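Structure first, commentary second.
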Amino acid sequence: MDETPLKGWNHVPAVPIKVSPFFSWPLRPLDSFAWVWRSWFLITEKLIIVGIAFVSFYWFQPPLEESRTLAFGWVAEMYIRNIILMSVVAGGLHLYFYSFTKQGQELRFDQRPLKKSGRQFTLGGQIRDNIFWTLASGVTVWTAYEVLMFWALANGYAPMLTWAANPVWFVAMFLLIPLWESFYFYWIHRFLHVPFLYKHVHALHHRNTNVGPWSGLSMHPVEHVIFLGSVLIHWIVAAHPVHILFHLQYYALTSATTHTGYEGLVIRDKKRLALGTFHHQLHHRYFDCNYGSLEIPWDRLFGSFHDGTGRAHEQMKERRKRMSGG
């Protein structure tokens, strides 16, 4: 079987794709530390979104006491903030990579252009379709969950975590939320690939066989409710308001960054910021592989992992034949 990189792509990173070392045996503590370091430092999506969450909390979030009673004013303030955040992140990345083509084809996985037209799209074109579902449904559901969680914290229905009470757990929460996302995402994603749900819900997201920044949060409203419902864990696991902001901003904003279609942002001939993963790009083209992420290797455990090699591709085709009875 072929261990060489998969053909038919403009850019393929080093393969085979590696999953996190945390679940390997024997344990490799140095590799695990290196994985965490690369995921968080020095300039990474996660660290940038932590910064956005703190800025949002201190300057663009209504006081928690105000959230005790639902009112149009503070809800609208949060909704407008989220519309701006998503528009700046997804819109900015789209302008940079696709409108102004500042990076050309460098580190772009799929060189095919985004579709300008198509009957499968709600508004007749991929970009218009993606923007509509992202802003009209995605940001609305995102904001609704924020409103629910802040209302619950303000009224004592959800447990509150503070820096003063437990600074270690306060910091650890930022590290744990992405791990929870990895666990949660795999299972809800497999659920959404059940034929009935795929046809009536998840197929909207999979209109994007080739992805751009607006594709990440372009989903059916039911999928938005399921996908962003990850934050409901904080009805049980204590969190500070800034953790709630980080949790939902991480889900929403990294959906744009990881779907850029590019492996990273190149400045002065060097990749300065990791963005999309070939792992998930493979899922958008082939549908029935790589349902999860690389943090928790569910796909490897359940036989749906595609590591970007010719060998893995042949295995995927064989799996398809067995499932179809061929």
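The values are calculated or read from the model by the stated rules, or taken from the named source; none is laboratory data. Here the structure is a predicted model, which means the values were calculated and not measured. We place every Cβ from the backbone using ideal geometry, glycine too, and count neighbours over all the protein chains shown. Surface accessibility is based on the protein's heavy atoms, side chains included, excluding ligands, DNA and RNA. Shrake-Rupley method; radii C 1.70, N 1.55, O 1.52, S 1.80 Å.
Cross-link reach is defined here as a Cα-Cα straight distance under 22 Å, omitting same-chain residues fewer than 8 places apart; for Lys270 the lysines meeting it are Lys18, Lys46, Lys102. Convex hull volume of the Cα atoms of the range 160-312, normalised per residue: 141 Å³. Within the listed set Met219, Met86, Met316, the residue fluctuating most in the Gaussian network model of the chain (springs between alpha-carbon atoms under 10 angstrom) is Met316. Computed over the chain, relative contact order equals 27 percent, with contacts defined as Cα pairs under 8 Å that lie 6+ residues apart.
The alpha carbon radius of gyration of the range 1-112, expressed as a multiple of 2.2 N^0.38 Å, is 1.57.
Charge dipole of the range 117-213 (Cα centre as origin; +1 on each Lys and Arg Cβ, -1 on each Asp and Glu Cβ, all else neutral): 400 debye, rounded to the nearest 20. Accessible area per residue for the range 230-306 is 33 Å², calculated with a 1.4 Å probe on protein heavy atoms, without ligands, DNA or RNA.
Dipole of the chain computed with +1 at Lys/Arg Cβ and -1 at Asp/Glu Cβ about the Cα centre; of Pro167, Leu273, His247, farthest Cα towards the positive end is Leu273. Taken about its Cα centre, the chain carries a charge dipole of roughly 980 debye when the Cβ of each Lys and Arg holds +1 and the Cβ of each Asp and Glu holds -1. Once the Cα-Cα distance is subtracted from the 0.36 nm per residue extended length, the Phe132 to Met323 segment shows a gain of 65.2 nm. The radius of gyration of the Cα set in the chain, together with its Dmax, comes out at 20.0, 62 angstrom. Largest accessible area first, the listed residues Val194, Val75 line up as Val194, Val75 when surface is computed with a 1.4 Å probe on the assembled protein chains.
Within the listed set Glu314, Glu223, Glu146, the Gaussian network model of the chain (springs between alpha-carbon atoms below 10 Å) gives the highest mean-square fluctuation for Glu314. Under a Gaussian network description of the chain, with springs only between Cα atoms under 10 Å, the residue in Asp31, Asp269, Asp110 that fluctuates furthest is Asp269. Proximity of backbone amide H atoms, modeled 1.01 Å from N, is registered between Val266 and Arg272 at under 5 Å, excluding neighbours fewer than 5 places apart on the same chain. Of the solvent-accessible surface of the chain, computed with a 1.4 Å probe over protein heavy atoms with every protein chain present, carbon and sulfur atoms account for 67 percent. In summary, the helical segments of the chain meeting the span-like criteria, namely a full DSSP H run, a Cα extent along the axis of 27 angstrom or more and a mean Kyte-Doolittle hydropathy of at least -0.5, are 72-94, 167-192.
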